[in-house]
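Trainee: Quick one: the structure is below, and I'll ask about it shortly.
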Amino acid sequence: MPEQKEPLYGVAIGLIIGFYDGFFGPGTGSFLLFAFVGLFGYDFLSASASSKLVNVATNLTSLAYFAYTGQIIWHIALPMAACNMLGSTLGARMALKQGVGFVRVLFLVVVCGMILKLGWETFKAA
């Protein structure tokens, strides 16, 4: 991709994924990861780290809004946040220790598992 078009693609991807994140939410990190790898040429580990930073920024913005409007159930949210931070820390350390290949394989395994689960739930309900 030509360097002069990167900001334009960044803004377009930001608007599209930002709308999706605000409206639906789940999977935003994966979409960011695909965009960083596919459009901007990041390696998988750098794309994963960058998508986490963007996701944290959107989550902090959402947290500020929902806290301001009094829509957070704190006795549920705080333990969930603590467990999320613990899992994120352990996952980041494992990713740095194991390297790009491990992260790529783990990501694909999780995505395939989610696809199978969704397929099972769809056909089971029919």
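The values are calculated or read from the model by the stated rules, or taken from the named source; none is laboratory data. From a predicted model like this one, the values you see are computed outputs, not experimental measurements. Cβ: placed from backbone, ideal geometry, glycine included. Neighbour counts: every protein chain shown.
Trainee: Which one of these does Pro26 not meet: (1) in contact with a Ser or Thr (Cβ under 8 Å, 6 or more places away or on another chain); (2) in a loop (DSSP other than H, G, I, E, B)?
Mentor: Answer for Pro26: the failing condition is (1).
Trainee: Could you please let me know if Gly101 is in a helix (DSSP H, G or I), of a type outside the set (A, V, I, L, M), surrounded by fewer than 13 Cβ atoms within 10 Å (Cβ to Cβ) and modelled with pLDDT of 90 or more?
Mentor: It is false that Gly101 is in a helix (DSSP H, G or I), of a type outside the set (A, V, I, L, M), surrounded by fewer than 13 Cβ atoms within 10 Å (Cβ to Cβ) and modelled with pLDDT of 90 or more.
Trainee: Further question: Can you pull out every residue in segment 81-98 that is aliphatic (A, V, I, L, M), surrounded by 11 or more Cβ atoms within 10 Å (Cβ to Cβ) and either outside any helix (DSSP H, G or I) or under 16 Å from the mean Cα position of the chain (by Cα) (or both)? Break it down stepwise before answering.
Mentor: Looking only at segment 81-98, we keep the residues that are aliphatic (A, V, I, L, M), and these are 81-82, 85-86, 90, 92, 94-96.
Applying the additional criterion that residues be surrounded by 11 or more Cβ atoms within 10 Å (Cβ to Cβ) yields 81, 92, 94-96.
If the condition is that a residue be aliphatic (A, V, I, L, M), surrounded by 11 or more Cβ atoms within 10 Å (Cβ to Cβ) and either outside any helix (DSSP H, G or I) or under 16 Å from the mean Cα position of the chain (by Cα) (or both), then Ala81, Ala92, Ala95 are the ones that fit.
Trainee: Which one of the conditions (1) of a type in the set (A, V, I, L, M, F, W, C); (2) assigned to a helix (DSSP H, G or I); (3) touching a residue at least 24 places away in the same chain (Cβ under 8 Å) does Val56 fail to meet, given that it meets all the rest?
Mentor: Single failed check for Val56: (3).
Trainee: On to the next question. Return the total of residues in segment 9-21 being in contact (Cβ under 8 Å) with a residue 12 or more places away in the chain and either touching a Phe, Trp or Tyr at 6+ places or on another chain (Cβ under 6 Å) or farther than 12 Å from Leu39 by Cβ (or both).
Mentor: Going through segment 9-21 one residue at a time, the tally reaches 3.
Trainee: May I ask you to list pairs of residues, at least six apart or on different chains, whose Cβ atoms are under 7 Å apart, with the first in segment 63-76 being closer than 18 Å to Asp21 by Cα and the second being surrounded by 10 or more Cβ atoms within 10 Å (Cβ to Cβ)?
Mentor: Phe66/Ile72
Trainee: Take the residues in segment 31-50 that are among the polar types (S, T, N, Q) and surrounded by 15 or more Cβ atoms within 10 Å (Cβ to Cβ), then tell me which one is modelled with the highest pLDDT.
Mentor: Of all residues in segment 31-50, those among the polar types (S, T, N, Q) come to 46, 48, 50.
The next check asks that each one be surrounded by 15 or more Cβ atoms within 10 Å (Cβ to Cβ); those that pass are 48, 50.
Values: Ser48: 87, Ser50: 92.
The extreme case among them is Ser50.
Trainee: In a helix (DSSP H, G or I), among the β-branched types (Val, Ile, Thr) and surrounded by 10 or more Cβ atoms within 10 Å (Cβ to Cβ) - does that describe any residue in segment 60-76?
Mentor: If we filter segment 60-76 for residues that are in a helix (DSSP H, G or I), which is where we start, we get 60-68, 74-76.
So of that shortlist, the ones also among the β-branched types (Val, Ile, Thr) come out as 61, 76.
When the remaining residues are screened for being surrounded by 10 or more Cβ atoms within 10 Å (Cβ to Cβ), the result is 61.
Looking for residues that are in a helix (DSSP H, G or I), among the β-branched types (Val, Ile, Thr) and surrounded by 10 or more Cβ atoms within 10 Å (Cβ to Cβ), one finds at least one in segment 60-76, hence yes.
Trainee: With the requirement that a residue be more than 14 Å from the chain's Cα centre (by Cα) and of a type in the set (A, V, I, L, M, F, W, C), what does segment 20-53 give you?
Mentor: Quick first cut of segment 20-53, residues more than 14 Å from the chain's Cα centre (by Cα) only: 23, 38-43.
Once the filter is applied, which keeps residues that are more than 14 Å from the chain's Cα centre (by Cα) and of a type in the set (A, V, I, L, M, F, W, C), segment 20-53 yields Phe23, Leu39, Phe40.
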